[in-house]
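Data block below; observations after.
Values quoted throughout were computed directly from the atomic coordinates according to the rules given, and no laboratory measurement underlies them. Worth saying up front: this structure is predicted, and the values here are computed from it rather than measured. All Cβ positions, glycine included, derive from the backbone under ideal geometry; neighbour counts span all protein chains shown.
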Amino acid sequence: MLGEYPIQGSGAAEIARSVEQAVGAGRLEPGQLLPPLRELASRLGVNPNTVAAAYRTLRERGVIETAGRRGSRIRSKPAITAREAIRVDVPAGVRDVSDGNPDTSLLPSLTAAFTAAAVYADERPVLYGQEAVEPELARYARGALDQDGVPAGPIAVTSGSLDAIERVLAAQLKPGDTVAVEDPGWGSLLDLVPALGLRAVPVRVDDDGPLPDDVTAALDGGARAIIVTDRAQNPTGAVISAPRARALRRILATHPDVLLIEDDHGHGIVDQRLRPLAGATHAWAFVRSTAKAYGPDLRLAVLTGDDLTVDRVRGRQRLGPGWVSRLQQRAVLGLWVGRSVDATAVAASYGARRDALISALAERGVAAHGRSGMNVWVPVPDETGAVARLLHSGWAVAPGARFRIGAPPGVRITVSTLTPDDIRAVADAVADATGPAPARRYV
């Protein structure tokens, strides 16, 4: 049943760790059945309750799943194996268009902002017991959110979008709860949900965002939370349109106890209007990241939401890291106030490359999607074959498996570094690798 890998341990923690290590090393594979409780307890010489506790821990960590009398098995996408591992090795001479990184030439210089922040910190050192959020940053961020129609709420600062989303989920949900997620969607988020012991239910998306019928089905089916991307959706580039926003708000209003989390990581790199859903439910959180516009290494996101949700996040944050460096917050404030990023110009730059690639693919009979952001999603009939053929042609693209639960196969191409000549070349390579597919969709 378990091949040559024996589960080991005399305590629940040891048994759980043994299984996790085997999964991480590839010795226990997705879908592989684990021994029944009593059988494994007998083999290890422990009480069945010890094995039950180990299996419970593994379920809560998103490593295994249990289907009643059919037993426990390794999840098809266990949390111990991150989707970031689903990638291609990029050999010398091959262009990497898989990484999702911004164009570094469009990122602002950080020297002046951090110098000014350091001078300010020398004059007014931040010590234990002071506010976690830089007051001026909170005021500036709140003003920008007000302009975008995000409802009033307190401000917290986290170490990026994923940190904010994790803290909100942990503050409001318990292991075993169901979370509705976009499919295809952000690979790191699809890893995070089961790692927290939560169950992900997929919601299909089109160019206008999550499909209302899927959202209705997920919420009617008992989903306790839903996570949506307002614009620059990863990997498809979807943008929630005005009609779609109205439809989603109507659905959410009939489920007022559902936790709504919105991710606006596209702020600063898109020119599409934000149409927030926040406020349609009692519990909500809205996250705005600096990563794409100002640089991933800043590791800073602004979080707002209803009073209780934000208060819980702040309280738990105080018991862990305490706060995100106020020096870092001052630097980001300087970048914002100094308007170091021309969002219109950045959006136009990414948009020109994105539109050019989509047009070039269409000329070659290949359908693709990308209304905003820096990525283009290309549905393909054979994902593994397409990735391999493109690699042979000199292009490393992101396998769609990193972003999918049940959605059809595809590949993601990041346009950040593409020149006009590159666009023609990659379009030719994609067409050769996939063949024409004018009717193929990603929902």
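Here are some notes:
- Percent of C-alpha pairs per 5 Å bin, the range 345-418, short to long: 3, 17, 25, 27, 18, 8, 2, 0
- About the centre of its Cα atoms, the chain shows a dipole size close to 940 debye [charges on the beta carbon of Lys, Arg (+1) and Asp, Glu (-1) only; nearest 20 debye].
- Peptides 136-142, 275-281 ordered by average Cβ neighbours within 10 Å, highest first: 275-281, 136-142
- Rounded to the nearest 20 debye, the dipole magnitude of the range 301-397 is 440 debye, with +1 charges on Lys and Arg beta carbons, -1 on Asp and Glu beta carbons, and the Cα centre as origin.
- Highest mobility in the GNM of the chain, judged by mean-square fluctuation with C-alpha springs under 10 Å and restricted to Arg69, Arg167, Arg59, is found for Arg69.
- DSSP bridge orientation in the chain - percent antiparallel, rounded to nearest 5: 50
- Amide N of the range 132-164 lying under 18 Å from the label point, which is placed 7 angstrom from the Cα of Thr344 along Cα→Cβ: 148
- The slack between Asp382 and Ala112, meaning 0.36 nm per residue of separation minus the straight C-alpha distance, is 92.4 nm.
- Helix runs (DSSP H) in the chain reaching 27 Å along axis by Cα, Kyte-Doolittle at least -1.0: 343-363
- Only the Cβ atoms of Lys and Arg (+1) and of Asp and Glu (-1) were treated as charged; on that basis the dipole of the range 111-337 about its Cα centre amounts to roughly 360 debye.
- Inter-label distance for Val337 and Arg56, nm, one decimal - labels placed 7 Å from Cα along Cα-to-Cβ: 5.3
- Think of it as helices only: each DSSP H run of n ≥ 4 in the chain is worth -39500 (n - 2.57), and spread over all residues that comes to -12500 deg cm²/dmol at 222 nm.
- Unit Cα scatterers, Debye sum, the range 111-337: log10 I(q)/I(0) for q = 0.13 Å⁻¹: -0.73
- Listed values [x] 46, 23, 20; [y] 57, 25, 21; [z] 35, 31, 22, entry calculated as semi-axes √(5λ) of the Cα gyration tensor in Å: [z]
- Percent antiparallel among DSSP beta bridges (both partners in the range 111-337, rounded to 5): 40
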